[in-house]
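Visitor: Supplied in structure tokens, the structure appears directly below.
The values are calculated or read from the model by the stated rules, or taken from the named source; none is laboratory data. Values in this document were obtained by computation on a predicted structure and should not be read as measured data. In this analysis, Cβ positions are derived from the backbone assuming ideal geometry, glycine residues included, and neighbour counts consider all displayed protein chains.
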């Protein structure tokens, strides 16, 4: 077997990709937030949370490569590098970045062809979503809420997936910002002003509470609230920058937008 033999994955999406590439025997440790595939949780030791990890727990599995993600793991990465471990820190933020991450991982584990096949499959899913979106009666404005206190709008790949599904992220200008701090909506009234047709909650790591959204002052004037278009997509399905955002997140976005489209057509017909 060429390439690294003992890989520690500090985030969920690299574990997911390695399993999809059939290279899971290389994995010696995973993140506690891993959900896909379900078997990974059963057969691989959990060695880290997301932004915190005990370095000795990672070193204990004797990795010859650690896969990390973003500035949020920068301190862990620095410690591992000082401990003499090889580390690759990904930083994918867009849909294209996610595909590039898969390609890079394919190269690292000498599974280029499988990586290319996976990328082609994900591209095809997105292309089909774009074609299906042509049937929507209009382009709905979508407010995607990643956190509720303070309000944080969707990250770049989420914003792009909304577009692929046929919608328009009503805080598109915030989506390009890498850090969640920069995507804070300081004034909840701003959401009211933008009048989203659909609200999607995906509170990272905790259950979405639509009733909390519905009871916010002034939000009863939002079209999404008036027409009952307030939905949840679980954060594991859309907020991890890997294949599941496209395989599962995009699919759910499509379903939500298409139901909205059917309702729109129905109301036009009767009004």
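Visitor: From the residues in the stretch 7-21 that are outside any helix (DSSP H, G or I) and touching a helix residue (DSSP H, G or I) at 6+ places or on another chain (Cβ under 7 Å), which one is surrounded by the fewest Cβ atoms within 10 Å (Cβ to Cβ)? If you could, list the steps in order and put the result at the bottom.
Guide: Step one: list which residues in the stretch 7-21 are outside any helix (DSSP H, G or I), which gives 7-11, 21.
Filter once more, so that each one left must be touching a helix residue (DSSP H, G or I) at 6+ places or on another chain (Cβ under 7 Å): 7-10, 21.
Values: 7: 27, 8: 32, 9: 28, 10: 28, 21: 21.
For the stretch 7-21, the residue satisfying everything is 21.
Visitor: Now a separate question. Go over the candidates 212, 182 one by one and state the one that is without any contact (Cβ under 8 Å) to a residue 60 or more places away in the chain, surrounded by fewer than 17 Cβ atoms within 10 Å (Cβ to Cβ) and assigned to a helix (DSSP H, G or I).
Guide: Details: 212 fails: without any contact (Cβ under 8 Å) to a residue 60 or more places away in the chain.
Answer to the check: 182.
Visitor: Another question, if that's okay. Of the residues that make up the stretch 258-268, is at least one surrounded by 20 or more Cβ atoms within 10 Å (Cβ to Cβ), within 30 Å of residue 14 (Cβ to Cβ) and touching a residue at least 40 places away in the same chain (Cβ under 8 Å)?
Guide: Within the stretch 258-268, not a single residue is surrounded by 20 or more Cβ atoms within 10 Å (Cβ to Cβ), within 30 Å of residue 14 (Cβ to Cβ) and touching a residue at least 40 places away in the same chain (Cβ under 8 Å).
Visitor: Now for a different question. For residues in the stretch 220-253 being closer than 12 Å to residue 143 by Cα and not in a helix (DSSP H, G or I), which is nearest to the chain's Cα centre (by Cα)?
Guide: Only one residue tops the list, namely 232.
Visitor: Here's a follow-up. Say we look at the stretch 55-112 and pick out the residues that are in contact (Cβ under 8 Å) with a residue 40 or more places away in the chain, part of a strand (DSSP E or B) and touching a helix residue (DSSP H, G or I) at 6+ places or on another chain (Cβ under 6 Å); which of these is surrounded by the fewest Cβ atoms within 10 Å (Cβ to Cβ)?
Guide: 90
Visitor: Also, I was wondering about something else. Report, by residue number, each residue of the stretch 37-54 that is at pLDDT 90 or above and either buried (at least 18 other Cβ atoms within 10 Å of the Cβ) or not assigned by TED's automatic domain parsing to the domain that holds residue 78 (or both).
Guide: Passing the criteria: 40, 44.
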